[in-house]
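Quick notes on the structure that follows.
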Amino acid sequence: MLTNLRVWLNHFEYHAQQPRGAAAAATDGITAAERRLIARSIATFQLGEQSDGAGLLRAARRFAARHGDELLPRITELFIGEEQRHARLLREFMDAHGIRAKALHWSDSLFRRLRRLAGFELYLHVLIAAELIGNVYYRALEAVTGCARLKVLCRTLLADELAHIGYESELILELRARKPLAVRTLIRLLHRAFFCAAALAVWVSHRAVLRRAGHTAHGFLWRCLQEYAFHLEPPAAWAGAASTSRRR
Ligand SMILES: [Fe+2]
Ligand SMILES: [Fe+2]
């Protein structure tokens, strides 16, 4: 059984009751040039946030039944609800600024297909890659916009995503610590390689925004890897122990 699920259930329940939101009254407005810079990029991220979560919930229920983690399905429902709220907040901003939504983007389809491949643990690995890279992206988006409402929205999403990363990394490290050293090492190497490929794919799709925020391709990858190392390669993970004391 996973150790801290009660704490995470409390966290997600609290946030479901007191959702963070972008202040509607915040100074609002983007220039035509800014809209051209961010429109396609923000629409792609909005698409990524939007999911009914049915596959994840199925995987969580199967995992919970197998391991006796009875709180996990409810936590997963609340987690999915929070991601759907992110999609709604981004969509409201886009609608208010004449930015068209996307129905399809190759990076989103790829992430979705990968998640469907296997069980809950693989879901966690794909999700955390998207969240870690997303955190670097939302900071970049906040840096390039002059719109106070979008800045608040980016910070709101960042705050939620940091908690998601804390939750997912804790589960990943705890589950990984139960495996033999060789398996742990292999998973770590494969995941890191996947993460680098995903970060570079995000660079390709969002380079206009990322460049404006001061990132080169190499700098963006380095920043993403720093996030990765902080959350997924704390010293305790090398020793095989799941650490709960590595929060910022
Ligand atoms: Fe999100
Ligand atoms: Fe998230």
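Read-outs throughout are calculated quantities, based only on the coordinates presented, and are distinct from any laboratory measurement. In this text the structure is predicted, and so the values were computed from the model without any measurement. Neighbour counts are summed over all protein chains in view; Cβ atoms, including those assigned to glycine, are modelled from backbone coordinates with ideal geometry.
Summary table
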| item | result |
| --- | --- |
| For the chain, Kirkwood radius (reciprocal of mean inverse C-alpha pair distance, Å) | 18.7 Å |
| Among HIS125, LEU171, GLY219 - extreme Cα towards positive end, dipole of the chain, charges at beta-carbon | GLY219 |
| R0 of 41 Å, Cβ-Cβ distance GLU92-ALA182: FRET efficiency to nearest 0.05 | 0.25 |
| Relative contact order (percent, whole number), the chain, Cα cutoff 8 Å, 6+ residue spacing | 24 percent |
| Using a Förster distance of 25 Å, the FRET efficiency for ARG192-SER109 (Cβ separation, nearest 0.05) | 0.60 |
| Net lengthening on full extension, GLU121/GLN226 (0.36 nm per residue, minus Cα-Cα) | 35.6 nm |
| Mean shadow area of segment 79-216, taken as a quarter of the surface of its Cα convex hull (nm²) | 9.0 nm² |
| Fewest-first sequence of SER169, SER109 by Cβ atoms within 10 Å of each Cβ | SER109, SER169 |
| Inverse of mean 1/r across different Cα pairs in segment 7-146, Kirkwood, Å | 16.6 Å |
| Sites THR3 and ARG62, calculated FRET efficiency, Cβ-Cβ separation with R0 22 Å, nearest 0.05 | 0.65 |
